[in-house]
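Report on the structure given below.
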Amino acid sequence: MLTEDEKRFYQRDLTRKGNYSLNQAAKNAGVKNFDKFHNAGYKGLYNGETADDIAKRKGLRYREDILDNMGSDELIANLFRISQTEQKLRKDNIQGEAEANNTHYNIGKNIREVIEKNGGTMPEELLTPKKSLKQLEKEKMSTKKLNKENTKKSL
């Protein structure tokens with residue numbers, strides 16, 4: 001059994017890799033404004049919210065990564081949005097920035113509808129974890145460093 005934080009780290013790694021592949025597919029479709037492209041997907045999934053809106057709602061600092069501040073369920077919803085959009089862009093050979101943005105929005109909206117139909121919690125209603133993945137990583141590194149120093153002292 002994985003802890004919630006372990007699930008978050010795992011899902012975050014998958015979303016990072018998924019976003020890389022999605023960006024490649026979007027670039028091949030002709031996307032130049034990636035902020036607008038990614039916001040189209042967020043708007044579909046988050047009922048009109050952009051990345052900035054999500055960050056504000058979560059109480060994040062400027063430029064803090066929203067994906068690092070999501071629980072595993074929210075990351076999974078975003079990973080599904082990412083993978084389905086990439087698949088559709090490639091499979092249907094979507095061309096043009098407007099069409100790619102529209103595709104991303106519609107995929108996000110479709111995933112939102114599935115969540116609602118199944119009685120799930122809407123992404124914007126999911127709790128924001130108390131600590132970001134960056135904070136958890138920093139704490140883990142500090143603990144390792146401290147353990148290393150204590151091991152040296154005891155030798």
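A simple spin-label model places pseudo-atoms 7 Å from Cα toward Cβ; at Asn28 and Leu146 they are separated by 4.8 nm. Computed with a 1.4 Å probe over protein heavy atoms only, the accessible surface of the stretch 1-150 comes to 62 Å² per residue. For the stretch 1-98, with the dipole built from +1 on Lys and Arg beta-carbon atoms and -1 on Asp and Glu ones, taken about the Cα centre, which of Leu2, Ala51, Ala26 lies farthest toward the positive end? Farthest along the dipole direction, towards plus: Ala26. Here the Gaussian network model covers the chain, with springs between Cα atoms less than 10 Å apart; of Lys32, Lys145, Lys131, Lys145 fluctuates the most.
Only the Cβ atoms of Lys and Arg (+1) and of Asp and Glu (-1) were treated as charged; on that basis the dipole of the stretch 23-64 about its Cα centre amounts to roughly 80 debye.
Couplings 3J(HN,Hα) for the stretch 33-42, derived from phi with the Karplus relation 6.51 cos²θ - 1.76 cosθ + 1.60 (θ = phi - 60°), are 9, 6, 4, 5, 4, 5, 5, 4, x, 4 Hz, where x marks Gly and Pro. Would you work out which of Ser142, Ala100, Leu67 lies farthest towards the positive end of the dipole of the chain? Charges go on Cβ: Lys and Arg +1, Asp and Glu -1. Towards the positive end, the residue furthest out is Ser142.
Dividing the summed -39500 (n - 2.57) terms of all DSSP H runs of n ≥ 4 by the residue count of the chain sets its mean residue ellipticity at 222 nm at -24000 deg cm²/dmol. Relative to the longest principal axis of the Cα atoms of the chain, helix 72-91 runs at roughly 40 degrees. Quick check: the distance between the Cα centres of the stretch 60-83 and the stretch 105-155, to the nearest angstrom? For the stretch 60-83 versus the stretch 105-155, the Cα centre distance is 9 Å.
For the chain, the fraction of 1.4 Å probe accessible surface lying on carbon and sulfur atoms is 51 percent.
If you add up the charges near Val31, with Lys and Arg at +1 and Asp and Glu at -1, over every other residue whose beta carbon is less than 14 angstrom from its beta carbon, what do you get? Could you put the intermediate results ahead of the total?
On the way: positive: Lys27, Lys32, Lys36, Lys88, Arg90; negative: Asp35, Glu86, Glu97, Glu99.
Surrounding charge for Val31 is +1.
The value for the stretch 67-137 of Rg(Cα) / (2.2 N^0.38 Å) is 1.29.
Each listed q (0.17 Å⁻¹) maps to a log10 I(q)/I(0) for the chain, found by the Debye formula over equal Cα scatterers with no solvent: -0.98.
Legend: residues Arg112, Arg8, sorted from most to least accessible area (1.4 Å probe; ligands, DNA and RNA excluded), read Arg112, Arg8. Under a model in which nothing but the beta-carbon of Lys, Arg (+1) and Asp, Glu (-1) is charged, the chain shows a dipole of about 760 debye around its Cα centre. Computed from backbone phi, the HN-Hα couplings of the stretch 14-30 come to 5, 5, 4, 5, x, 5, 4, 5, 4, 4, 5, 5, 5, 4, 5, 7, x Hz, rounded to whole numbers (Karplus: 6.51 cos²θ - 1.76 cosθ + 1.60, θ = phi - 60°; Gly and Pro given as x). In the chain, the longest principal axis of the Cα atoms and the axis of helix 97-117 are about 70 degrees apart. Just list whichever of Lys7/Lys144; Lys109/Lys140; Lys88/Lys134; Lys109/Lys138; Lys7/Lys152 have alpha carbons separated by over 30 Å in the model shown. In this structure, Lys109/Lys140; Lys88/Lys134; Lys109/Lys138; Lys7/Lys152 lie more than 30 Å apart at Cα.
Helix 133-154 and the long axis of the chain differ in direction by around 20°, with both axes built from C-alpha atoms.
Between Asn93 and Lys36, the FRET efficiency from the beta-carbon distance, with R0 = 25 Å, is close to 0.75.
The values are calculated or read from the model by the stated rules, or taken from the named source; none is laboratory data. Owing to the predicted nature of the structure, the values given are computational and were not obtained by experimental measurement. Using ideal geometry, Cβ is built from the backbone for each residue, glycine included, and neighbour counts are taken over all protein chains shown. Note: areas computed on protein heavy atoms with side chains; ligands, DNA, RNA excluded. Shrake-Rupley method; radii C 1.70, N 1.55, O 1.52, S 1.80 Å.
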